[in-house]
Amino acid sequence: IPVDPFDLVVFGGTGDLARRKILPALFRRFCAGQTPQEARVIGAARSDMDDDQYRHFVAEAIAEFNDHFHHEEDDLQDFLSSLSYVKIDALGDEGWSELATKMHPGRVRAFYFSVGPSLFGPLAERLHSHGMADQDTRIVVEKPFGRDLETARALNRSLADHFSEDQIYRIDHYLGKETVQNLMAIRFGNMLFEPLWNSQYVDHIQITVAETVGVQGRGEYYDRSGAMRDMVQNHLMQLLCLIAMEPPSKFEPDSVRDEKLKVIRALDPVEPEDIVRGQYLAKDDRAGYLEDVGDPHSTTESFIAMKLHLSNWRWAATPFYLRTGKRMRARSSEIAVVFKETPHSIFDDEAGRHRNILNIRLQPNEGIDLDVTIKEPGPGGMRLVDVPLDMTFTEALGPEAENVSDAYERLIMDVIRGNQTLFMRGDEVEAAWAWTDPIIADWETRGSKPVPYESGSSGPEESLMLMHHDGRRWREVR
Ligand code: BG6
């Protein structure tokens with residue numbers, strides 16, 4: 001469905017995120033006919049550039065980051081002609097009057113803050129003082145949204161001075177991923193799962209977000225953050241919320257966000273022995289973590305595994321195991337809901353006891369599979385075997401499913417449409433930090449050090465033991 005014409009200003013318009021994600025995503029939506037020809041995208045940054053130079057910059061970004069995407073040359077030229085550039089000083093006066101002249105009255109106006117959080121407040125203030133903010137104005141902010149509760153609160157306050165909560169779109173790009181949204185469809189669009197979705201039937205839930213990349217030239221940022229701040233506080237927390245929340249009454253922003261907030265608030269503090277932190281080692285010609293970040297003494301974690309408990313009626317007796325890390329064996333993100341064993345086996349001991357596992361594959365190879373126990377074929381008696389009922393979305397839905405849009409395409413269009421369902425509310429972000437802070441503070445007090453793990457592995461041995469001690473095991477990272 002096409003959106004109305006809009007003006008979108010990308011602060012940090014020459015930055016890495018703009019180049020890799022925002023501008024290519026806008027181009028793809030343009031080619032899909034979702035954004036109209038009259039829409040205007042204005043890059044704003046510190047560099048000296050004119051409109052033509054900016055168009056050239058964007059054309060290069062599109063060539064580099066849209067490599068599998070086929071487009072017509074005419075589309076590219078039309079898209080480029082909708083772009084312009086303003087040199088701006090986020091902390092001074094330069095460029096602001098020029099930017100104001102580019103706005104079209106009566107249109108939806110969105111300002112994407114693709115800049116460090118220290119500029120959120122100053123940008124919000126200048127938009128206001130230069131008369132560019134009205135009731136229909138939206139601002140989009142990226143992570144990291146602070147580095148602890150105090151800084152997140154300060155950011156929320158500085159935005160709230162000039163914009164109301166329903167104008168602020170805090171991005172967690174995991175919420176824009178197709179399969180993450182599918183998680184809600186699976187849970188709340190089927191009768192099959194929800195009645196079993198509780199401690200009575202679910203033994204435990206595993207969430208794995210494994211990456212093969214290292215810190216990718218972002219060593220300075222990453223070393224100040226670590227896996228806990230970079231991934232757990234936001235992406236994994238969002239996945240946990242969607243898998244554990246109560247059914248919202250409607251698929252609407254506050255219904256969904258209220259339920260997510262309740263999950264975060266129900267999280268128990270985590271015991272130190274329920275956390276494993278790791279750091280990847282060098283392998284072959286690939287550097288180890290310490291070399292990648294240029295600090296031989298760094299104690300920041302590039303891997304974390306943890307066991308969590310939720311103190312609520314639904315989940316009190318079901319542990320949640322989370323793990324995420326860089327330089328692991330495969331790029332693979334999945335959520336496995338591991339059901340309990342049947343209460344009694346009518347078959348003899350040889351048949352063994354079996355359990356169903358619902359595995360939601362977020363990426364790659366998006367789909368779900370459900371392990372079901374059946375009789376092993378053949379005359380050899382009643383032997384049981386687990387087989388997956390596999391639904392790979394591209395197979396089930398055909399080529400349409402291969403056109404999965406990038407998270408940013410979906411999220412930017414939601415901003416233009418004014419739909420906040422897939423964005424984080426201020427109180428959610430603060431609650432997530434309130435839970436994260438004591439864990440990090442405890443590491444600092446105890447001088448906790450991550451354990452080394454082999455690059456290309458499933459993480460440190462200790463993380464396997466975390467499950468093993470409970471008589472459970474992680475699914476393989478494949
Ligand atoms: C980002 C993190 O938010 O998410 C990165 O800062 C991480 O460190 C990335 O690599 C993972 O996103 P995706 O979409 O590749 O799973």
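Here are a few things to note about the model shown:
- Taking all Cα pairs closer than 8 Å and separated by 6 or more residues, the relative contact order of segment 25-114 comes to 36 percent.
- Cα-based equivalent ellipsoid, segment 302-428: semi-axes from gyration tensor eigenvalues, Å: 36, 22, 15
- Members of LYS283/LYS449; LYS87/LYS177; LYS260/LYS340 lying beyond 27 Å, as alpha-carbon distances in this model show: LYS87/LYS177
- Cβ-Cβ FRET estimate between HIS130 and GLN53, R0 fixed at 25 Å, reported to 0.05: 0.55
- Listed by chain and number, the aspartates and glutamates placed with their C-alpha closer than 14 angstrom to that of LYS326 are GLU211, ASP223, ASP230, ASP292, GLU301, GLU454; residues fewer than eight positions away on the same chain are left out.
- The chain, relative contact order in percent, only Cα pairs under 8 angstrom and at least six apart counted: 17 percent
- Derived scalar couplings between HN and Hα for segment 222-231 equal 5, 5, 7, 10, x, 4, 5, 6, 6, 10 Hz in order, rounded to whole Hz, by the Karplus curve 6.51 cos²θ - 1.76 cosθ + 1.60 (θ = phi - 60°), x for Gly and Pro.
- Separation between Cα centres of segment 226-262 and segment 455-471, rounded to whole Å: 26 Å
- Virtual spin-label span in nm between LYS449 and GLU246, 7 Å along Cα→Cβ: 4.7 nm
- Here the sum of -39500 (n - 2.57) over DSSP H runs of 4 or more residues, divided by the residues of the chain, equals -9500 deg cm²/dmol at 222 nm, to the nearest 500.
- Percent accessible area from carbon and sulfur atoms, the chain, protein chains only, probe 1.4 Å: 50 percent
- Distribution of pairwise C-alpha distances over the chain, 10 Å bins, in %: 4, 18, 27, 26, 16, 6, 2, 1, 0
- Against the rule of thumb 2.2 N^0.38 Å, how large the Cα Rg of segment 112-256 comes out: 1.26
The values are calculated or read from the model by the stated rules, or taken from the named source; none is laboratory data. What you see is a predicted model; the values in this text were computed from it and never measured. Ideal geometry is used to build each Cβ from the backbone, glycine not excepted, and the neighbour counts take in all protein chains shown. To get the accessible areas, we keep the full protein, side chains included, count just its heavy atoms, and leave off ligands, DNA and RNA. Shrake-Rupley method; radii C 1.70, N 1.55, O 1.52, S 1.80 Å.
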